[in-house]
Amino acid sequence: MTTPPADAHLPFADKSDPRFFGKDILSISQFSRNDLETVFAVAREMSQIVEHGGGSELLKGRVLTNLFYEPSTRTSSSFVAAIERLGGSVIQINNVTYSSVSKGESLGDTVRTMESYTDAIVLRHPEMGSAAEAAIAATKPIINAGDGAGEHPTQALLDAYTIYEEMGAIDGLTVTMLGDLKYGRTVHSLARLLALFNVKINYVSPAILRMPLEFVSEVESAGIEQVVTSDLKAVLEDTDVLYVTRIQKERFDDQVEYEMVKDSYVVDADTMRCAKERMIVMHPLPRIGEIATEVDQDPRAAYFRQMEYGLYVRMALLALVLGKA
Amino acid sequence: MTTPPADAHLPFADKSDPRFFGKDILSISQFSRNDLETVFAVAREMSQIVEHGGGSELLKGRVLTNLFYEPSTRTSSSFVAAIERLGGSVIQINNVTYSSVSKGESLGDTVRTMESYTDAIVLRHPEMGSAAEAAIAATKPIINAGDGAGEHPTQALLDAYTIYEEMGAIDGLTVTMLGDLKYGRTVHSLARLLALFNVKINYVSPAILRMPLEFVSEVESAGIEQVVTSDLKAVLEDTDVLYVTRIQKERFDDQVEYEMVKDSYVVDADTMRCAKERMIVMHPLPRIGEIATEVDQDPRAAYFRQMEYGLYVRMALLALVLGKA
Amino acid sequence: MTTPPADAHLPFADKSDPRFFGKDILSISQFSRNDLETVFAVAREMSQIVEHGGGSELLKGRVLTNLFYEPSTRTSSSFVAAIERLGGSVIQINNVTYSSVSKGESLGDTVRTMESYTDAIVLRHPEMGSAAEAAIAATKPIINAGDGAGEHPTQALLDAYTIYEEMGAIDGLTVTMLGDLKYGRTVHSLARLLALFNVKINYVSPAILRMPLEFVSEVESAGIEQVVTSDLKAVLEDTDVLYVTRIQKERFDDQVEYEMVKDSYVVDADTMRCAKERMIVMHPLPRIGEIATEVDQDPRAAYFRQMEYGLYVRMALLALVLGKA
């Protein structure tokens with residue numbers, strides 16, 4: 001199976017695709033390879049809409065709830081821009097005080113209230129499983145924008161779309177994940193999603209921050225070649241995609257170990273000199289030093305373009321989920 | 001006088017109705033029965049607009065200020081959705097720090113500033129009388145979205161509209177109000193509004209949370225039959241509309257009394273078995289246990305539909321107040 | 001050189017003016033007198049758009065980021081109304097937690113993220129120079145909405161536009177600045193901007209709150225007549241524009257001195273009796289007593305109209321910066 005050619009065109013009629021229309025987006029496990037290719041094709045159309053004038057009227061009159069129980073400016077802003085560029089609008093709800101008794105409404109009741117005003121709900125919540133809980137209460141689509149240690153499927157989709165657009169295809173690539181692979185929700189989801197393609201994955205991290213075995217096993221069962229190492233140099237020169245994540249000080253009991261480890265995984269101009277000429281560096285952002293700013297000027301630095309791809313993927317998901325039949 | 005038939009159609013030309021155009025919405029006492037019927041008819045048109053595609057361009061280019069001096073996610077969101085579904089947009093102002101000296105601008109000055117940018121102001125303020133104060137300062141319409149112990153007229157209007165739509169008419173109904181009738185602004189306003197119709201009202205509450213005499217007297221002078229009791233069972237089987245409110249722990253000096261009272265007014269599946277087959281349960285929400293979640297599946301549970309009617313009523317009010325001449 | 005006649009009409013074709021299209025708005029020093037006249041002419045067109053129906057579709061599909069690192073409801077709201085009245089929309093970001101390590105993203109990275117979603121960024125930041133820093137990181141236009149002790153160019157532009165519209169021209173006027181002229185960023189910028197015209201400027205303040213010498217020197221080098229005094233009466237009767245600013249208690253070590261000074265600069269009905277019949281009183285707002293509310297009814301009180309002019313100036317700037325080529 002091959003990825004579609006770069007000029008593949010999905011007609012808008014397909015937006016009423018029954019695989020997406022009216023559906024929740026809760027987990028990357030919902031997506032087949034074919035589904036991904038649909039999302040990518042629609043995302044590409046969205047990028048063309050934005051290039052040619054900024055927006056469309058596709059979702060005119062539609063209202064989205066952006067329900068954020070914890071702050072996430074980046075994700076929240078991306079969804080706001082996505083619905084607005086499609087002609088719709090948004091109700092932004094931040095800092096929901098869900099813990100106090102006086103305002104102690106259940107998540108289900110809040111969701112049922114907001115769906116009585118709006119057409120879909122983007123939910124960010126600190127507790128794992130909350131998106132699924134909301135989806136049970138709701139009759140309108142719930143889009144999971146991160147549920148604690150659970151999933152953040154639109155992040156994984158935008159990561160995959162970035163690779164697809166930047167490299168022309170996902171099949172055949174070697175993807176190296178770097179940094180905190182133990183606690184990083186982003187890399188867990190991306191690894192799972194990449195397992196739908198024909199790739200090789202390298203995991204580079206300090207010993208205490210290794211990719212959890214459950215993910216390695218799951219990816220292995222899809223027939224994907226994986227390498228676990230703590231040495232970036234060993235795998236860098238074969239890497240097509242270097243996915244960098246932040247190593248948080250709080251993860252270490254021994255601060256000496258942290259200081260040592262931290263510096264050994266900084267991506268800088270030296271790192272880039274050892275990398276392929278045609279490869280990309282990604283990062284979910286924010287970055288706090290794990291990629292030196294000197295790398296920003298390197299055309300292989302794809303992390304800001306990655307944000308923009310995120311806009312297109314979220315536009316695509318909204319259009320697919322809310323598309324008229 | 002009868003309520004209009006369910007298919008009554010008020011042409012949009014009527015939006016420049018001089019009773020509403022450019023006017024403030026400060027108190028339910030502004031509304032005659034005839035006014036209510038106009039609001040209901042326009043609200044029904046609004047529900048049709050939302051059903052058929054999500055929105056309209058009726059208020060395109062119009063900007064609303066949502067000025068909230070205290071949080072009220074539900075009311076605020078409802079107005080945001082209302083203006084956006086009509087093609088307009090909103091400036092949301094939360095957490096106005098009006099108490100500090102450095103930012104100690106008067107309400108009048110804030111209102112005059114915001115009306116220089118926008119076409120109308122929705123005001124939520126903790127102090128009774130603040131909406132009237134704002135209306136004096138402003139030249140553009142002020143919509144009172146709750147002024148402390150004062151009024152919250154759009155809540156009362158949406159409550160009345162819910163009854164009207166769910167039961168087909170308001171005349172001839174028996175409405176039972178349950179819970180905290182002393183401090184509940186919602187039931188005070190609703191009782192006054194219902195007094196414009198031919199209804200019977202039952203007040204069911206613990207003795208210390210009775211409907212204040214001033215409201216009972218006012219409603220009585222309109223010729224409305226009223227029953228005051230602490231026993232829900234005594235009136236439940238004749239009830240067409242059961243309006244439930246929350247009993248707040250803080251109202252009780254004696255916590256033992258609270259615990260006893262609290263449980264005796266929970267509406268659950270047992271309660272519903274004793275109720276009419278054709279009746280509705282309403283609640284202004286949020287609810288924290290005073291209606292068991294098992295009731296949610298009962299078709300008589302109207303409290304989530306009530307939120308949706310609120311959207312249509314607020315759309316209707318905005319269209320009427322801002323409608324072109 | 002004369003200001004254009006009141007009915008001067010700048011055709012919309014001019015919006016793709018290369019002096020503005022795609023440019024940052026960082027400092028008033030960018031603006032020539034000719035640039036100002038263009039902004040004023042477009043602002044007047046904007047006022048006509050708002051008068052005739054509320055909005056336009058000029059910036060349909062365009063999305064603005066309102067990035068506020070410190071609160072400024074007035075400025076923020078004004079930009080929101082401006083983009084919305086032009087058919088565009090906004091991503092509002094308040095209370096950016098930029099100091100914590102966990103969210104310690106650099107301003108440059110935040111700006112690059114937001115520009116990947118949107119078409120321009122309005123930035124309010126407590127640190128001087130931050131707008132210029134953001135502009136270096138960004139490829140899309142940055143509009144400085146106040147950078148600490150630095151500049152707030154759109155405030156100065158709206159102040160100048162207010163004078164222009166209210167008095168018919170700026171040349172030939174006597175402008176008196178009153179209050180805290182030492183710390184008030186507003187009067188510093190306005191003085192600089194007025195130096196592009198043929199005006200006389202009076203500075204009235206307590207001795208300890210005088211206009212800093214650097215500004216006086218700069219304005220003097222433009223050939224502008226300036227008078228420094230602590231006596232309002234001495235200059236009031238020749239004043240065409242009285243620009244009032246607030247004297248903050250915190251500026252005084254000696255609270256007795258503060259109390260004495262504070263009252264001597266309050267503008268009230270008595271003050272207005274000594275002023276010209278054709279003159280205006282301006283204030284950047286909020287005011288906390290330095291202009292008595294009894295003055296509000298005086299037709300010479302222009303401070304609320306000043307807010308409205310601010311809307312038109314910001315609409316003009318957005319249209320000029322984002323206008324299609």
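The values are calculated or read from the model by the stated rules, or taken from the named source; none is laboratory data. Because the structure is predicted, anything quoted here is derived from the model rather than measured. In this analysis, Cβ positions are derived from the backbone assuming ideal geometry, glycine residues included, and neighbour counts consider all displayed protein chains.
Out of A:A292, A:A275, A:A301, A:A316, report the one residue that is within 14 Å of chain C (Cβ to nearest Cβ), farther than 21 Å from A:K182 by Cβ and touching a helix residue (DSSP H, G or I) at 6+ places or on another chain (Cβ under 6 Å).
A:A301
Six or more apart or on different chains, Cβ under 9 Å: which pairs go from a residue in the range B:297-313 that's within 18 Å of B:V42 (Cβ to Cβ) to one that's assigned to a helix (DSSP H, G or I) and basic (K, R)? Could you list them?
B:G310/B:R74; B:L311/B:R85; B:Y312/B:R44
Condition (residue is in contact with a Lys or Arg (Cβ under 9 Å, 6 or more places away or on another chain), closer than 25 Å to B:A82 by Cβ and either in a loop (DSSP other than H, G, I, E, B) or in contact (Cβ under 8 Å) with a residue 12 or more places away in the chain (or both)) applied to the range B:180-192: is it met by at least one residue?
Yes, the range B:180-192 contains a residue that is in contact with a Lys or Arg (Cβ under 9 Å, 6 or more places away or on another chain), closer than 25 Å to B:A82 by Cβ and either in a loop (DSSP other than H, G, I, E, B) or in contact (Cβ under 8 Å) with a residue 12 or more places away in the chain (or both).
If you go through the range B:103-126, how many residues are of a type in the set (D, E), within 17 Å of C:S76 (Cβ to Cβ) and within 7 Å of another protein chain (Cβ to nearest Cβ)?
Result for the range B:103-126: 2.
Looking at C:Q297, is it surrounded by fewer than 21 Cβ atoms within 10 Å (Cβ to Cβ) and of a type in the set (S, T, N, Q)?
yes
Kindly check whether there is at least one residue in the range B:266-287 that is in contact with a strand residue (DSSP E or B) (Cβ under 9 Å, 6 or more places away or on another chain), in a helix (DSSP H, G or I) and either of a type in the set (G, A, S) or over 24 Å from B:G146 (Cα atoms) (or both).
Looking for residues that are in contact with a strand residue (DSSP E or B) (Cβ under 9 Å, 6 or more places away or on another chain), in a helix (DSSP H, G or I) and either of a type in the set (G, A, S) or over 24 Å from B:G146 (Cα atoms) (or both), one finds at least one in the range B:266-287, hence yes.
Of all residues in the range B:23-64, which are in contact (Cβ under 8 Å) with a residue 40 or more places away in the chain and within 14 Å of chain C (Cβ to nearest Cβ)?
Answer for the range B:23-64, where residues must be in contact (Cβ under 8 Å) with a residue 40 or more places away in the chain and within 14 Å of chain C (Cβ to nearest Cβ): B:L58, B:L59, B:R62, B:V63, B:L64.
Hey, any hits in the range B:196-204 for a residue that's assigned to a helix (DSSP H, G or I) and aliphatic (A, V, I, L, M)?
Checking the range B:196-204: not a single residue is assigned to a helix (DSSP H, G or I) and aliphatic (A, V, I, L, M).
Mind telling me which of the residues A:M272, A:M260, A:M279 ends up being surrounded by fewer than 19 Cβ atoms within 10 Å (Cβ to Cβ) and either in the same structural domain as A:D240 (by TED's automatic domain parsing) or farther than 16 Å from A:V204 by Cβ (or both)?
Just a single option satisfies the conditions, and that option is A:M260.
Pick out the one residue from B:E250, B:E237, B:E259 that is out of contact with any Ser or Thr (no Cβ under 8 Å at 6 or more places or on another chain) and modelled with pLDDT of 95 or more.
The match here is B:E237.
Criterion first (buried (at least 22 other Cβ atoms within 10 Å of the Cβ) and not in a loop (DSSP other than H, G, I, E, B)) does C:R314 satisfy it?
The answer is yes for C:R314.
So A:K262 fits all but one of (1) under 15 Å from A:Y303 (Cα atoms); (2) within 14 Å of chain C (Cβ to nearest Cβ); (3) in a helix (DSSP H, G or I); what number is the exception?
(1)
Would it be correct to say that A:D171 is closer than 23 Å to A:M315 by Cα and acidic (D, E)?
Answer is no for this residue.
Within the group B:E259, B:E294, B:E250, which residue is more than 23 Å from B:A169 (Cα to Cα) and touching a residue at least 12 places away in the same chain (Cβ under 8 Å)?
Answer to the selection: B:E294.
Just to be sure I understand, how many residues within the range C:41-74 are touching a Ser or Thr at 6+ places or on another chain (Cβ under 8 Å), farther than 17 Å from B:K60 by Cβ and of a type in the set (A, V, I, L, M, F, W, C)?
So the count comes out to 4.
On the given criteria, is B:E127 out of contact with any Phe, Trp or Tyr (no Cβ under 8 Å at 6 or more places or on another chain) and at pLDDT below 95?
So B:E127 passes the test.
Being part of a loop (DSSP other than H, G, I, E, B) and either closer than 30 Å to C:V227 by Cα or of a type in the set (K, R) (or both) narrows it down to one of C:D171, C:D159, so name that one.
C:D171
In the set A:G172, A:G129, which member is away from chain B (no Cβ under 14 Å), surrounded by fewer than 24 Cβ atoms within 10 Å (Cβ to Cβ) and without any contact (Cβ under 8 Å) to a residue 24 or more places away in the chain?
Going through A:G172, A:G129 in turn, the sole match is A:G129.
Considering only the range C:210-243, how many residues are charged (D, E, K, R) and part of a loop (DSSP other than H, G, I, E, B)?
So the answer is 5.
Go through (1) over 25 Å from B:T75 (Cβ atoms); (2) within 12 Å of another protein chain (Cβ to nearest Cβ) and name the single condition B:D254 misses.
Of (1) over 25 Å from B:T75 (Cβ atoms); (2) within 12 Å of another protein chain (Cβ to nearest Cβ), only one is false for B:D254: (2).
In the range C:67-85, how many residues are buried (at least 24 other Cβ atoms within 10 Å of the Cβ) and more than 7 Å from chain B (Cβ to nearest Cβ)?
Count: 4.
Looking for something modelled with pLDDT of 95 or more, of a type in the set (A, V, I, L, M), surrounded by fewer than 23 Cβ atoms within 10 Å (Cβ to Cβ) and farther than 19 Å from C:A135 by Cβ - is there at least one such residue anywhere in the range C:29-41?
Looking through the range C:29-41, at least one residue is modelled with pLDDT of 95 or more, of a type in the set (A, V, I, L, M), surrounded by fewer than 23 Cβ atoms within 10 Å (Cβ to Cβ) and farther than 19 Å from C:A135 by Cβ.
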